[in-house]
Structure formats: structure tokens, C-alpha cells
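Quick note: the coordinates plus some simple rules give every number you see, no bench work behind them. Note that this is a predicted model, so its numbers are computed, not measured. Quick reminder, even Gly has a Cβ in these numbers, built from the backbone with ideal geometry, and neighbours come from all protein chains shown.
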Amino acid sequence: MLRKILIANRGEIAVRIIRACAEMGIRSVAIYSEADRFALHVKKADESYCIGSEPLAGYLNIYGLVNLAATTGCDAIHPGYGFLSENAEFASACKKRGLIFIGPSEDVIRRMGDKTEARKAMTAAGIPVTPGTDGNLENADEALTVAEKIGYPVMLKATSGGGGRGIRRCDNAADLQRNFQRVISEATKAFGSADVFLEKCIVNPRHIEVQVLADHHGNTIHLYERDCSIQRRNQKLIEIAPSPQLGEAQRQYLGGLSVIAAKAVGYTNAGTVEFLLDDNDRFYFMEMNTRVQVEHTITEAITGVDIVEEQIRIAAGLPLRFKQHEIVRRGYALQFRVNAEDPQNSFLPSFGRISRYYAPGGPGVRTDTAIYTGYEIPPFYDSMLAKVIVDALTWEDVIKRGERALRDMGLFGIKTTIPYYLEILQHADFRAATFNTGFVDKYPELINYSNKPRPDVLASVIAAVMAAHTGL
Ligand code: ADP
Ligand code: ADP
Ligand code: MG
């Protein structure tokens, strides 16, 4: 087993990994920028090292991090998500230094990180893929020709994109002409690559993804699916496991398909195969994420498998502890990404000081976060502050529990996405599980919640007014 792991990340996912290490008797090493001096992961790890005054550079410094891991006596690096988690060069640098990279092989990261390569590999494996270009586009003319062939609307996408960026829907030739340079410059800035490709836009699809685990002994299993259709600007807001929109036969089919996909590329460690589901109940492979995902938590909730622990065990060379038929699924789980954003102001980041915070609790509630009362949110990083995860035996109950947990949470001093989520949970389409990725845009009125004070807030206001009048 591994003895000491450097966590090449920050925030809630660093804390999540530290917790897994603690349970496994593994020493954890945290890293932090000057801006993160007061971050929770720094306090929670067994050892912490400052990696410079630049907010981002240190977290992205491949050789600096590998060096630090080696000199502090670590035998492995966990990259978390974002940052260097899908960087093949990082995996390679670890290997060269005799360190274990907790993730798939360098080769698999490279192939799956390139969305056109991934599409090719999946097509070769017989997995249905969204119709589109074979490789990258040479120029706007080629894009127009291909779009004519597959039919509008089309999606113009950055080949090395991620985090919902570098994606534009084009409804006609003029749109495509206009967006071509825009996506290229976006991709160059965000991902350091100007490669773009086209695929058919699946109109109002559901985003369904499957969690897979594969060891180094030829065993590959899946842990069922997550429905991440509740998104804004191609970024996930609320995730659900399993999808309340799938029948059991579809679920089994998709799970099996994902295992085939993972095996076809020689996948090892934890990964996610993302699909779009169209109105005719057809699945199309979209991309594979070669890392732990933000929403791995809800899969843990319904299966009881600790995915980060499994990642570490697999990296250590241990065989999987579960066979496919031993994976037991129970009930439903929801994850709410509590972002420091103002939904009423185009989801603009709302950084600042958290004047007061207390976590929601009670049965079936988990909170993954790195915030605390008095914490000053640095403006350099992700706006996701916390993940509230709830689980219950039925779909109706998990919605009620989600509502209760969000109201139970106390988070003051900044604007968050919580009031918006409370509106979504009330919506008939959400409750009937008949939503798709167009949900957020379809119901803009859900963002106008200010004129409806939360019942709990209203109750405390009324109590205060009554107290003032009665002199209590
Ligand atoms: P998930 O797929 O787990 O839901 P997200 O898409 O929300 O994750 O991305 C998680 C984090 O990783 C975000 O901070 C996002 O900006 C970052 N990220 C994801 N892919 C990339 C990428 N290719 N390049 C840079 N950052 C990325
Ligand atoms: P990222 O790497 O940023 O996660 P994805 O390729 O996974 O990018 O796409 C992110 C989101 O964009 C999807 O969840 C979906 O909502 C939307 N999307 C991507 N491709 C298509 C498509 N061909 N048709 C419709 N929606 C799409
Ligand atoms: Mg994706």
C-alpha cells in the first residue's frame, strides 16, 4: 500500500482526498499558494508546503510538484480534478521520477483528453458517437462543408476543452462563420490548443454519464450512471444518481457499453464516460473524463463505494474488491454545487468574506467543502464553494431531503446559488423527472425568486416583528 501522497490540488477536493488518506493510514501532503495560506486543506493535511506567491502557477508547475513529492518522500500524487488532473505530461513526469500518478496511464490521458482522438477510439470500439468530423477542422470552409452534411444545428467544440468552455452551438452557416474564430481564440487562451471540431447538436438532450473503475489486473466495472442535465452554459449545477429518466434496461445497457468503452482503450483507475441521450432514447458518446469527477459523491451515496479510496488502491496495484454483480445500488442521491455566484446577475462570481457558516446535517446529508466562518474566498479560483449531497430511498424523498438540507445550511456574507436550487426543486418538470439540458434556459422565471422570501426567513422576520411588538 502507498504510504504518503502529495495532493496536487486545493479546496474541497483536496480535503476529500486528505480524508481518504486519513482513513487508509496514508500520510497526506498539501500544497498551497500564498492566496491559499488560510485554506482548510492546508490545516487538514499532515504536511503542507507553500508553492509560491502566484495564485495559479504553483498548482500547475509540473516539475515543481513532482520534485516536491520526491523530496518529501511521497510515493504517489493525487491530482484531483481540474489543474493537472488530465495532463499527460504530468503523469509522465511522475513516472520518470518513480512516483505513482493516481489516474490512468499517460497514453490513455492523452488519447481521451483529445476529444477527436476519443471519438475515433470509441467509433473503432463500436460505441455510438455523436455524428461529426473525423478529426480536427482545417478552416472555416471545411467547417461549413461538414455542417451542411450533418445538418444544423451543430456544435463547434474545442478538441482539448473542458469545464463547459470552448463549446458553441451554431444554428446556421452565418452562426458558424461568426463563431469559428471565436472558439479558436477561446480554446487557445483556455487550453493552449487551437484545435476545434464539429459534431451534430443533439437538441435538448439529457447528459448521462457512467462511473467506471478498472484495475491493473484486467477487471473493469461500472457504478451506474449520473444524470447531469441540469446545467447552465454547459456547466453542471445539480447532479443526480441514478438518472430518474432511465429504465432498468437502458441502465444496464449503458453500464455495459461504458465498460466496453473503458476496456477498449485500456483504461485503468476511476473514469467517467459521458453520453448524450436524445429524444428517441438513443445514446451518443460525448467524451471521457480521465479523473475523479466533481460529482463522484452521489455515486458513492448510492453504491457505498468510496471512489477516492478505490483510486488509491488501484494505483497501488491492488485488484478491485468488487465484481459487477456485487455492486448494490440503493435509492437516489442529489448533489448541489453551491457556487459563490449571483444567479440574478448572470451567475456573476460573488467573492468575499464568509461571515457565518454552518453545515447542514441530519440523515442522508453530506457536505464536501473547504469553507469556514470567517474564510475570505480568494478571487482566483473556481466559484464552487461546497457540494451538498443528499440521498434517500425514493425520488420524492430525495427531493424533500434536498430542500431540507439546503434550508438547513447557513451561509452568509456572499451570494450563492442555493435560492435558485430551491426554486428548481419545486418545479414540476424537475419533480416529474422530465428535464433536459435546456431546463435552465427554458424557465428563466425561476431566477426571479427575490420577491418570494424563503419561508424560514419569513418566519423569523415575523417572529422578530411580533417580539418587538409584544416586548418578548
Ligand atoms: P466534472 O466533469 O467533474 O463535472 P467540471 O467540468 O465541472 O467537472 O470541471 C471540474 C473543474 O475542472 C473545473 O474547475 C473546470 O474548470 C476544470 N476543468 C475541467 N476540464 C478542464 C480542462 N480541460 N482544462 C482546464 N480546466 C478544466
Ligand atoms: P466539457 O469537456 O466541457 O465537459 P462536453 O463535451 O462534456 O464538454 O460537453 C459539455 C456539455 O455541453 C454537455 O453536458 C452538453 O450539455 C453540451 N453538449 C456538448 N456537446 C453537445 C452536442 N453535440 N449536442 C448537444 N449538447 C452538447
Ligand atoms: Mg464533459
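Counting only DSSP beta bridges with both residues in the chain, what percent are antiparallel, rounded to the nearest 5?
Antiparallel: roughly 80 percent of the beta bridges in the chain.
Under 19 Å Cα-Cα from LYS43, which lysines qualify once same-chain neighbours fewer than 8 residues away are excluded?
Of all the lysines, those that pass the test against LYS43 - Cα under 19 Å, at least 8 places apart if same chain - are LYS4.
Roughly speaking, what is the stretch gain from THR394 to TYR358, that is 0.36 nm per residue apart minus the C-alpha to C-alpha distance, in nm to one decimal?
Using 0.36 nm per residue and subtracting the Cα-Cα distance, I get 10.3 nm.
Taking only the alpha-carbon atoms of the range 131-200, what semi-axes of the equivalent ellipsoid follow from 5 times the gyration tensor eigenvalues under a square root, in whole Å, largest first?
18, 11, 11
Send over the per residue convex hull volume for the range 41-167, Cα only, as a whole number of Å³. Don't skip to the end; give the middle numbers.
Values: hull volume 19.4 nm³, N = 127.
Roughly 153 Å³ of hull volume per residue.
Collect residues whose amide H, placed 1.01 Å from N in the peptide plane, falls under 5 Å from the amide H of MET286; neighbours closer than 5 in sequence don't count.
GLU274, PHE275, LEU276
Note down the nm distance, to one decimal, between modelled labels 7 Å out along Cα→Cβ at MET1 and at THR145.
In this crude label model, MET1 to THR145 measures out at 5.9 nm.
Based on DSSP H runs of at least 4 residues, each adding -39500 (n - 2.57), what is the mean residue ellipticity at 222 nm of the chain after dividing by all its residues, to the nearest 500 deg cm²/dmol?
-10500 deg cm²/dmol
Determine the equivalent ellipsoid of the range 4-102 by diagonalising the alpha-carbon gyration tensor, then write out the semi-axes as square roots of 5 times the eigenvalues, largest first, rounded to whole Å.
Equivalent ellipsoid semi-axes, largest first: 18, 16, 12 Å.
Compute the distance in nm between two label points, each set 7 Å from the Cα along the Cα-to-Cβ direction, one at TYR443 and one at PHE412.
If labels sit at TYR443 and PHE412, their model points lie 3.0 nm apart.
Want the number for ALA428 to GLN177: 0.36 nm per residue separation, take away the alpha-carbon distance, what's left?
Computed gain between ALA428 and GLN177 is 86.5 nm.
Could you tally the net charge around VAL129, taking each other residue with its Cβ under 11 Å from the Cβ of VAL129, Lys/Arg +1 and Asp/Glu -1? Write down the numbers at each step before the final one.
Working: positive: LYS115, ARG119, LYS120, LYS200; negative: ASP134, GLU199, GLU287.
Summing Lys and Arg as +1 and Asp and Glu as -1 gives +1.
For the chain, just say rounded, prolate or oblate: build the C-alpha gyration tensor, square-root its eigenvalues into a ≥ b ≥ c, call rounded for a/c under 1.5, and beyond that prolate if a/b exceeds b/c, oblate if not.
Numbers: a/c = 1.42, a/b = 1.12, b/c = 1.27.
Judged from the Cα gyration tensor, the chain comes out rounded (a/c under 1.5).
On average over all directions, what projected area in square nanometres does the range 346-450 have, based on the convex hull of its Cα atoms? Each step should come with its number before you reach the end.
Numbers: hull surface 28.8 nm².
That works out to 7.2 nm², a quarter of the Cα hull's surface.
Would you please classify the overall shape of the range 206-457 from the alpha carbon gyration tensor, given that a ≥ b ≥ c denote the square roots of the eigenvalues, rounded means a/c under 1.5, and beyond that prolate means a/b larger than b/c while oblate covers the rest? Present the calculation step by step, with values, prior to reporting the outcome.
On the way: a/c = 1.89, a/b = 1.50, b/c = 1.26.
The shape class here is prolate.
Distance check, please: which entries in LYS120/LYS189; LYS120/LYS323; LYS149/LYS200; LYS157/LYS442; LYS115/LYS200 exceed 18 angstrom between their Cα atoms? Before the final figure, lay out each step's value.
Values: LYS120/LYS189 25 Å; LYS120/LYS323 29 Å; LYS149/LYS200 10 Å; LYS157/LYS442 23 Å; LYS115/LYS200 14 Å.
With Cα atoms farther than 18 Å apart: LYS120/LYS189; LYS120/LYS323; LYS157/LYS442.
Can you give the relative contact order of the chain as a percent, counting alpha carbon pairs under 8 Å and 6+ residues apart?
It comes to 13 percent, rounded to a whole number.
Where in the chain are the helices, taken as whole DSSP H runs, whose Cα atoms extend 18 angstrom or more along the long axis and whose Kyte-Doolittle mean reaches at least 1.0?
Membrane-span-like by this criterion, though nothing is claimed about a membrane: 455-470.
Pull up all non-local amide H partners of ARG232: gap of 5 or more, or a different chain, and H-to-H distance under 5 Å with H placed in the peptide plane.
The list, which skips near neighbours in sequence, is LEU237.
Rounding to the nearest 20 debye, state how big the charge dipole of the range 326-445 is about its Cα centre with +1 on each Lys and Arg Cβ and -1 on each Asp and Glu Cβ. Intermediate results must be reported in sequence, preceding the final value.
Numbers: 14 positive and 15 negative charges, 59 e Å.
For this selection, approximately 280 debye.
If the label point is 7 Å along Cα→Cβ of LYS43, which residues in the range 368-382 have backbone nitrogen under 19 Å from it?
Backbone N within reach: 368-379.
For the range 150-293, compute Rg over Rh where Rg is the Cα radius of gyration and Rh is the Kirkwood radius from the inverse mean 1/r over Cα pairs.
That ratio equals 0.99.
Determine the shape class of the range 319-369: with a ≥ b ≥ c the square roots of the Cα gyration tensor eigenvalues, call it rounded for a/c under 1.5, and otherwise prolate if a/b is greater than b/c, oblate otherwise.
prolate
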